[in-house]
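Asks: Dumping the structure here so I can ask a few things about it.
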Amino acid sequence: MGMRAGVDARVLARVISAGSGKNHIADKFNPVPGICPAAPSSRGYQGGFRVELMRKDVGLATEMAERVGARLVLGEAVMGAYEGASGDPRCAGRDSRVVYRYLGGEEEWEGKEGKEG
């Protein structure tokens with residue numbers, strides 16, 4: 001949302017990291033290409049934890065939740081995103097953060113901040 005509102009992706013990453021959103025994924029494996037140079041997202045989502053493996057793990061978690069009667073409010077939506085990305089040729093076989101691509105995230109964002117269109 002921040003990027004679509006015109007906030008520079010690097011500024012947005014610093015804001016998230018400075019507040020309660022700080023976490024290992026945002027700081028080391030950011031799904032936005034160019035934020036973390038060593039992250040799979042900055043290498044075409046190559047390497048890392050494959051999206052198909054994440055789909056499997058989310059599936060195991062949702063099955064377990066169902067078995068024990070736990071309510072997962074977002075489980076179905078998350079599973080749908082990973083299933084969709086796993087079946088999308090632009091995403092299949094890539095790092096699980098490729099869901100950013102699947103959901104329509106802006107990958108060619110540098111230099112576009114504040115521009116209309």
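The values are calculated or read from the model by the stated rules, or taken from the named source; none is laboratory data. None of the values given here were measured: they were computed from a predicted structure. Backbone-built Cβ (ideal geometry, glycine too); neighbour counts: all protein chains shown.
Asks: Looking at the stretch 96-117 only, could you name the residues that are at pLDDT below 95 and not small (Gly, Ala, Ser)?
Replies: 106, 107, 108, 109, 110, 112, 113, 115, 116, listed by residue number.
Asks: Confirm whether residue 26 is over 16 Å from residue 99 (Cα atoms) and not polar (S, T, N, Q).
Replies: Here the answer is no, as residue 26 does not meet what is asked.
Asks: I'd like to check something: does the stretch 52-68 contain any residue that is under 27 Å from residue 10 (Cβ atoms) and either in contact with a helix residue (DSSP H, G or I) (Cβ under 7 Å, 6 or more places away or on another chain) or hydroxyl-bearing (Ser, Thr, Tyr) (or both)?
Replies: yes
Asks: Okay, next question. Any residue in the stretch 65-86 that is among the polar types (S, T, N, Q), crowded, with 16+ Cβ neighbours inside 10 Å and either under 14 Å from the mean Cα position of the chain (by Cα) or modelled with pLDDT of 95 or more (or both)?
Replies: Within the stretch 65-86 (the criterion being among the polar types (S, T, N, Q), crowded, with 16+ Cβ neighbours inside 10 Å and either under 14 Å from the mean Cα position of the chain (by Cα) or modelled with pLDDT of 95 or more (or both)), the answer is yes, since at least one residue qualifies.
Asks: Specify which of the listed residues (43, 14) is of a type in the set (Lys, Arg), out of contact with any helix residue (DSSP H, G or I) (no Cβ under 7 Å at 6 or more places or on another chain) and modelled with pLDDT of 95 or more.
Replies: 43
Asks: Can you go through 106, 110 and tell me which one is in a loop (DSSP other than H, G, I, E, B), within 15 Å of the chain's Cα centre (by Cα), surrounded by fewer than 16 Cβ atoms within 10 Å (Cβ to Cβ) and of a type in the set (Asp, Glu)?
Replies: 106
Asks: Sticking with this structure for a sec: Mind checking which residues of the stretch 23-51 are over 19 Å from residue 2 (Cβ atoms) and surrounded by fewer than 18 Cβ atoms within 10 Å (Cβ to Cβ)?
Replies: 24, 28, 37, 38, 43, 44, 46, 47, 49
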